[in-house]
Amino acid sequence: MKQKGFTLIELLVVISIIGLLASVVLVALNSARTKARDAKRVADLQQIAKAAELFYDSQNKYPYATPGGPLWADHWAYFSQCLESGTSCGFVVSNYTSPISKVPQDPLFIAGSDAWTYYTGWDSRAPNNLILRARLEEANNPALKSDADGGWRNSGDGGCDDPWYCIKINWPF
């Protein structure tokens with residue numbers, strides 16, 4: 001009488017192949033997630049820049065001086081509050097209508113950390129200029145070819161060079 005079934009070696013080969021395919025799929029999904037987060041960062045900064053332009057149109061200046069805090073994320077929180085509600089802008093805002101209901105955060109943002117946050121420059125800020133920046137995970141992201149490069153805090157710091165995605169409006173460097 002002949003027994004039917006798989007040998008131990010056949011089962012091990014099948015399990016190994018399934019494991020290999022699963023790891024390839026996970027690597028591909030991780031790359032897609034990274035690209036999706038970077039696309040969100042670029043879209044977020046473009047949306048925020050448009051909201052800041054609407055703010056400028058109504059107030060004749062950009063938010064440029066906030067109470068700040070020990071973390072860059074604190075500066076971003078005040079900048080966001082200014083765009084959303086017209087408070088913590090560094091000056092008295094009048095007749096304010098919010099151009100954006102909720103300012104987006106970086107997809108990997110963790111409260112109380114500067115690990116992943118959006119940035120707005122504070123050094124060299126004036127009422128007529130604005131800079132926004134986000135760190136992209138993918139160093140060869142196509143969006144980096146069309147963003148503003150160069151300085152962020154000073155002309156020689158390279159703070160907007162890749163992998164940083166920057167939007168500059170009347171920025172001095």
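The values are calculated or read from the model by the stated rules, or taken from the named source; none is laboratory data. The structure presented is a predicted model; accordingly, all values stated were derived computationally and were not measured. Glycine also receives a Cβ, built like all others from the backbone with ideal geometry; neighbour counts cover every protein chain displayed.
If the requirement is being more than 14 Å from the chain's Cα centre (by Cα), in contact (Cβ under 8 Å) with a residue 12 or more places away in the chain, under 23 Å from Y165 (Cα atoms) and assigned to a helix (DSSP H, G or I), which of these qualifies: K102, K50, K35, K40? Checking each option against the conditions leaves just K50. Can you find even one residue in segment 123-133 that is farther than 19 Å from A51 by Cα and either in contact with a Phe, Trp or Tyr (Cβ under 9 Å, 6 or more places away or on another chain) or of a type outside the set (F, W, Y) (or both)? Checking segment 123-133: at least one residue is farther than 19 Å from A51 by Cα and either in contact with a Phe, Trp or Tyr (Cβ under 9 Å, 6 or more places away or on another chain) or of a type outside the set (F, W, Y) (or both). Residue check: is S16 farther than 28 Å from G159 by Cα, assigned to a loop (DSSP other than H, G, I, E, B), among the small types (G, A, S) and more than 14 Å from the chain's Cα centre (by Cα)? So S16 does not fit the description; no. Could you tell me which residue of segment 58-82 is surrounded by the most Cβ atoms within 10 Å (Cβ to Cβ), considering only residues that are of a type in the set (S, T, Y) and assigned to a loop (DSSP other than H, G, I, E, B)? This residue is Y62.
The residue that is surrounded by the fewest Cβ atoms within 10 Å (Cβ to Cβ), counting only those in segment 98-145 that are of a type in the set (K, R) and closer than 20 Å to E84 by Cβ, is K102. Is it the case that some residue within segment 72-81 is of a type outside the set (F, W, Y), more than 19 Å from K40 (Cα to Cα), at pLDDT below 95 and in contact with a Leu (Cβ under 8 Å, 6 or more places away or on another chain)? So far as segment 72-81 goes, no, none of its residues is of a type outside the set (F, W, Y), more than 19 Å from K40 (Cα to Cα), at pLDDT below 95 and in contact with a Leu (Cβ under 8 Å, 6 or more places away or on another chain).
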